[in-house]
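Report on the structure given below.
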Amino acid sequence: MNTEEKKENTGIEENANPNDNENLASTNPSSEEASKKSEVDEENPENKIKNQIAELNDKILRLLAENQNLRKNHEKEKEDIIKYGSFNFASQILSLTDNLDRAFSIFKNNEKFKDKEFLEITSGIELIEKELQNTLEKNFITYIDCLNKKFDPNFHQALSEIESDKEPGTIVDEIQKGYMLHDRLLRPSLVNVAKSTKKS
């Protein structure tokens, strides 16, 4: 084998750059760096799953809270319908109650019907009046006791002010009875209120 053939056979090795191995080593991560990278890659999917689970839990809790609020609102509406569903009917019944009260007042305030011969009639009227009040109360319609009480615009409606020796703002006359349906005002009491008699 001549010297030229030796050069051709060994040309690759002679022309090879001795720094190539270092460059290859620098471009490829070391075994330690590769292991760290693999650990990070393994952690990322786990963190991603954890975040997704946390988001799902948060959404579920919000949906449960919304569902509970809707159920509470539905129950409240249902309760209101049961309690106040007869509001309009109860208001109409009060007209009948007013007429009966007026009729009862005529009999009770008339001296003629206080005689013994009319005793049964007046007693019957009182029984009817009590039965009427009991029927109203059974249906949660209660009378607002207002005479000699302090005027309250939430329950009373003033027609006029009257000079009186009572404290100003005190209800001295009841023109029309007021009623409550459960805890809701069905109709305010129509009243006259005492005003101050002191002159300025």
Only Lys, Arg, Asp and Glu count, each charged at its Cβ (+1, +1, -1, -1), so figure out the dipole size of the stretch 47-92 about its Cα centre, rounded to 20 debye.
-> 220
Which order, highest average first, do 101-111, 172-182, 50-60 follow once you tally other Cβ atoms within 10 Å for each residue and take the mean per peptide?
-> 172-182, 101-111, 50-60
Relative contact order for the stretch 142-200: what is it in percent, counting Cα pairs under 8 Å that are at least 6 residues apart?
-> 43
Checked the stretch 97-188 against the a/c 1.5 cut and the a/b vs b/c comparison, axes a ≥ b ≥ c from its Cα gyration tensor; verdict oblate
Separation of the LYS130 and ILE53 label points, Cα + 7 Å toward Cβ, nm = 7.3
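Any read-out appearing in this document is the output of simple, stated calculations on the displayed coordinates, not a laboratory observation. These figures come from a predicted structure and were not determined experimentally. Cβ: placed from backbone, ideal geometry, glycine included. Neighbour counts: every protein chain shown.
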